[in-house]
Amino acid sequence: MFVLAAIVFIVTLLSTPTSLVHGAGTSPYLKDMFIGRCWQYETLQANNHVLTEKVNCRELWTAFYKSFAFKDPCEMDKDSYENFFNMFKNKNKITNALFWSGAGELVHDFTFINDDYIVLEDTLTGNLLNGLTWCGSNTTADGLNYKDCESSGDICNAMYPAWFQASANFALRASGEATVLLNASRSRNRSAYYSKSFFRSVEMPRLKVDQLNVLVATNANARERCGTQSLIELDMDAKMKNMRTTCVDQPKLVLRVFCLKFPKASQCAPVSFLPQDSTRESEETILWRTICFILIAVAAFLLLIIGIYIIRKYFITKNSNFKYLHNWSFSKKPMLSNDDELTDNNNINVYRFEAR
Ligand code: NFD
């Protein structure tokens, strides 16, 4: 019941639309948001040696804008944002990188409250671009298309080369241990380790870490678990690159994040904080405890019966001995019989009980 409730809530999180809004045009106030985010980042991350970037925000905007403005998205290629990306100088390694695929909202809810991991969106590039839409047009005054940036995949997609490069750079900076949060119930029957995802096609091929921890989130329609289907392929890809791997189905971190966001939800009762396996474990423990209790009770009952029997027998024997002693006197007087003659003759005292 609890397991089902826990699973159902994740449907909500995992099925939330991702940041790319297909059919939408360039985000209004793109320039202001870009420069505002940049200044905020420069201020807040100034002392964080892993995340800091010494950039001129206006120059950064200009380089970004020139990459796609006045261009038909179909003219864009993977080098279109080269000048923009050349302005990022921080190559410091990230020893706690968190990748994700199909679980954008969930992973960002998690990193919003947990500082243990760094996602692409914590770096300046990811921070600037996350949630925004942009594409060029050669028919508008400012060279931006505010009506429609829709595209499928990497074809005629102004945003694709930017995310490609940002993801590639992020993966190259990862070192030591990295984690990935995957969705085992992706829409459109996509696998958790989806072949066209940025994680699989861009980040994984560039990743060089010692250990990759895989977290598999799922809703009620889980199609994969650790060690099955595409997750086997992920494990093989990692092992081919000499990475150690761990994999956890339905990690309790996921449930905790949800419960921080929705503390009054019924599935956030204390027992729900147990991971699925532990819940099963605790049910088994209760069963074993009950069996042990019954066995101990039966054993105690049997011991009681045996004890009563022994005590009864002891008292009965004692009573009869007492009666015996009471009814018989101890006498040293030899009772001679024909047979006793010989005994007597041998000067051996013969003791006999004599009835009164
Ligand atoms: P996803 P993923 N073109 O959930 N990341 O593995 C463009 F332009 O399927 C982060 O592909 O997981 N954008 C972000 C697309 C974006 C396209 C890209 C496409 N053809 C990569 N398809 C981000 N913060 O938005 C999907 N998207 C967008 C890096 C769409 O907005 C992260 O480091 C969707 O929300 C992460 O490890 C988002 O990509 C991995 O790649 C994620 O698509 C996630 O890319």
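For the reader, a short list of remarks on this structure follows.
- Residues in segment 48-103 that are among the aromatic types (F, W, Y) and part of a helix (DSSP H, G or I): W61, F64, Y65, F68, F84, F85.
- Number of the exception - E177 against (1) more than 17 Å from the chain's Cα centre (by Cα); (2) more than 10 Å from the ligand (Cβ to nearest atom); (3) surrounded by fewer than 21 Cβ atoms within 10 Å (Cβ to Cβ): (1)
- Test: residue in segment 137-147 that is more than 17 Å from F88 (Cβ to Cβ), under 38 Å from the mean Cα position of the chain (by Cα), at pLDDT 95 or above and more than 14 Å from the ligand (Cβ to nearest atom): no
- Qualifying position, being under 30 Å from Y193 (Cβ atoms) and not polar (S, T, N, Q), among D142, D154, D148: D154
- One residue alone among G104, G126, G153 is surrounded by fewer than 14 Cβ atoms within 10 Å (Cβ to Cβ), in contact (Cβ under 8 Å) with a residue 12 or more places away in the chain and near the ligand (Cβ under 10 Å from one of its atoms), and that residue is G153.
- Listed conditions (1) surrounded by fewer than 18 Cβ atoms within 10 Å (Cβ to Cβ); (2) on the phi < 0 side of the Ramachandran plot; (3) within 8 Å of the ligand (Cβ to nearest atom) are all met by D116, apart from (3).
- First in segment 286-304 and surrounded by fewer than 10 Cβ atoms within 10 Å (Cβ to Cβ), second anywhere and not in a helix (DSSP H, G or I), Cβ under 7 Å, 6 or more apart: none
- Restricting attention to segment 188-202, the residues being touching a residue at least 12 places away in the same chain (Cβ under 8 Å), more than 10 Å from the ligand (Cβ to nearest atom) and in a helix (DSSP H, G or I) number 1.
- In the set (1) more than 9 Å from the ligand (Cβ to nearest atom); (2) touching a helix residue (DSSP H, G or I) at 6+ places or on another chain (Cβ under 9 Å); (3) free of Cβ contacts under 8 Å to residues at least 40 places away in the same chain, W163 fails one condition alone, (1).
The values are calculated or read from the model by the stated rules, or taken from the named source; none is laboratory data. Keep in mind that this is a model prediction, so the values were computed, not measured. Note that we place each Cβ from the backbone using ideal geometry, even for glycine, and neighbour counts take in every protein chain shown.
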